[in-house]
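Working notes, beginning with the structure itself.
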């Protein structure tokens, strides 16, 4: 399913929980468009405080997704992955957006020591790359966005993206 074919109702159902939305993106632009559509839906449903976990391998489209999400909420600055700074705060037209990247961290305790939970409990929207170690700290049922890079011959930019509200935890 392409972005233009995703009715708001499908995204709405995934946002509410109990529904899994799957689609294929054939380019970074399409991934950004999906993220923008989801961002607008979150705001129209007054879901400030929403937490999105972004799961996928290196280069799978997580930061590209964040770029589209932030642009839709009025962020005009350059969006990059906070791999070395751990967090970027973006100020959009509607609410702050907190972009986390826990790739370089080794334990849940390291994440807890950063005090990130206060951001997740506020009025902003949090997007978390590499959230696996943060599992026990996350609010119940975050919106989980999974990026898969299937091996389609001749389609190196194709991504399968799944969006669902899930119970998220880690045994780490």
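The values are calculated or read from the model by the stated rules, or taken from the named source; none is laboratory data. Keep in mind it's a predicted model, so treat the numbers as computed, not measured. Here the Cβ positions follow ideal geometry from the backbone for every residue, glycine too, while neighbour counts run over all protein chains shown.
From the list 103, 98, 119, the one residue that fits, being on the phi < 0 side of the Ramachandran plot, in contact (Cβ under 8 Å) with a residue 12 or more places away in the chain, in a strand (DSSP E or B) and under 16 Å from the mean Cα position of the chain (by Cα), is 98. For first residues located in segment 145-163 and within 18 Å of residue 32 (Cβ to Cβ), partners that are buried (at least 16 other Cβ atoms within 10 Å of the Cβ) and modelled with pLDDT under 75 and lie 6+ apart or on another chain with Cβ distances below 6 Å form the pairs 163/14.
Taking strands (runs of 3 or more DSSP E) that do not extend beyond segment 14-94, which have at least 2 residues that are without any contact (Cβ under 8 Å) to a residue 24 or more places away in the chain? Write out each step before concluding.
Values: elements: 21-25, 51-55, 87-91.
Here the list reads 87-91.
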